[in-house]
1. Can you tell me how many residues within the range A:108-120 are facing another protein chain (nearest Cβ under 7 Å) and β-branched (V, I, T)?
2. Within the range A:68-80, track down each residue that is in a strand (DSSP E or B) and either closer than 15 Å to A:A119 by Cβ or over 15 Å from the mean Cα position of the chain (by Cα) (or both).
3. Based on what the data block shows, is A:E123 acidic (D, E) and within 8 Å of another protein chain (Cβ to nearest Cβ)?
4. Somewhere in the range A:93-100, is a residue within 19 Å of B:Q48 (Cα to Cα) and more than 16 Å from the chain's Cα centre (by Cα)?
5. Checking B:A76 against (1) closer than 26 Å to A:R125 by Cα; (2) out of contact with any strand residue (DSSP E or B) (no Cβ under 9 Å at 6 or more places or on another chain); (3) of a type in the set (G, A, S); (4) at pLDDT 80 or above: exactly one of these is not met. Which one?
6. (1) closer than 26 Å to B:G126 by Cβ; (2) in contact (Cβ under 8 Å) with a residue 40 or more places away in the chain: which one isn't true of A:T57, the others all being true?
7. Could you list, in sequence order, the residues of the range A:79-133 that are closer than 17 Å to A:K58 by Cα, modelled with pLDDT of 75 or more and surrounded by fewer than 16 Cβ atoms within 10 Å (Cβ to Cβ)?
Amino acid sequence: MKLRRPSRFQENEPALPLINIVFLLLIFFMIAGVLAESPPFPVSPPGFEEKGAEGETKNLRLYVSAEGAFALGSEELPRAAVLERLEATEVAPAPLDIVADKEADAAVLVTLMRELREAGQHELRLIVQEGAG
Amino acid sequence: MTASAASSRLQIKRPGRARARIGLTSLIDVIFILLIFFMLATRFEVWQALDVSAGKAGAAPSETRPLHVKIHPGGAFEIDGARLDSDAFSARLKSEDEDGLSPVFLEPAGGARLADLMYGAEIVRGAGGQTLSFVDPQGQENGGVK
């Protein structure tokens, strides 16, 4: 049995399969990923086995890079300015999400948590990645 | 409209096939740009939040003596000056479990990364129901994983 080839289509529109695939890729990226606020430096949170609370919230985020740089939202700030800003803006009743790189110094972070609490920020959440670290 | 009428009067105004091809190209361009935007702007990691708020100020202090654990880089744990690996640490926590749950204080030593601290927290959570707190080198409790 001989199958008929859709030769006319291919001759006229060689770009059609390309568009189809690009469309599929576009839809995949739109659905599978999370469109997120991007910090001024790359941050990769540590893994944690246990399930945590929902991490994709509108809470204010404090980013800490592996080198110890700080950013509040998408604005990079020195450490003292971060604490000053948090004290001044009174975000205290809302939780603050700390997004720290897994290579960040742990002692610095634990000290930072104490300073944040002293600055009136009582609800702190640490962002982790799903799955074992 | 007949073909002859079209050729005599309207041919100049109809770019016909060429125009259709341009429309398709710009569509592909826009889709490509959207694709690149989504590829760069999306993140595939699933982020979750752990509550690390400090314990309530009025909370009753635990009756049992806290187990103070120093966390060294690379998965080494120090209890009362003795260095333990992760298995020994886990076993030690389970043996503590039998004579009452003592709270565990995790203190990162110099050079410990956040990943080391979270690894320690994972072991403590896996070993039993101990209360877990993070302690900074000044010895102040800073809340743990709830």
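The values are calculated or read from the model by the stated rules, or taken from the named source; none is laboratory data. In this text the structure is predicted, and so the values were computed from the model without any measurement. Cβ placement follows ideal geometry from the backbone for every residue including glycine, while neighbour counts extend to all protein chains displayed.
1. Our first condition is that a residue be facing another protein chain (nearest Cβ under 7 Å); within the range A:108-120, this holds for A:109-111, A:113-114, A:117.
Cutting the leftovers down to β-branched (V, I, T) gives us A:110-111.
Of the residues in the range A:108-120, 2 are facing another protein chain (nearest Cβ under 7 Å) and β-branched (V, I, T).
2. Going residue by residue through the range A:68-80, those that are in a strand (DSSP E or B) are A:70-72, A:75-77.
Residues satisfying the conditions are A:F70, A:L72, A:E76, A:L77.
3. Details: acidic (D, E): yes; within 8 Å of another protein chain (Cβ to nearest Cβ): yes.
Here the answer is yes, as A:E123 does meet what is asked.
4. Just the residues of the range A:93-100 that are within 19 Å of B:Q48 (Cα to Cα), to begin with: A:94-100.
Among the residues that remain, those that are also more than 16 Å from the chain's Cα centre (by Cα) are: A:94-95.
Yes, the range A:93-100 has at least one match.
5. The one condition B:A76 does not meet is (2).
6. (1)
7. The one that is closer than 17 Å to A:K58 by Cα, modelled with pLDDT of 75 or more and surrounded by fewer than 16 Cβ atoms within 10 Å (Cβ to Cβ): A:A94.
For (1) assigned to a loop (DSSP other than H, G, I, E, B); (2) away from chain B (no Cβ under 11 Å); (3) under 11 Å from the mean Cα position of the chain (by Cα), each residue gets a yes or a no:
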residue: A:S38; (1), (2), (3): yes, no, yes
residue: A:E50; (1), (2), (3): yes, no, no
residue: A:T57; (1), (2), (3): yes, no, yes
residue: A:R61; (1), (2), (3): no, no, yes
residue: A:A66; (1), (2), (3): yes, no, no
residue: A:V82; (1), (2), (3): no, yes, no
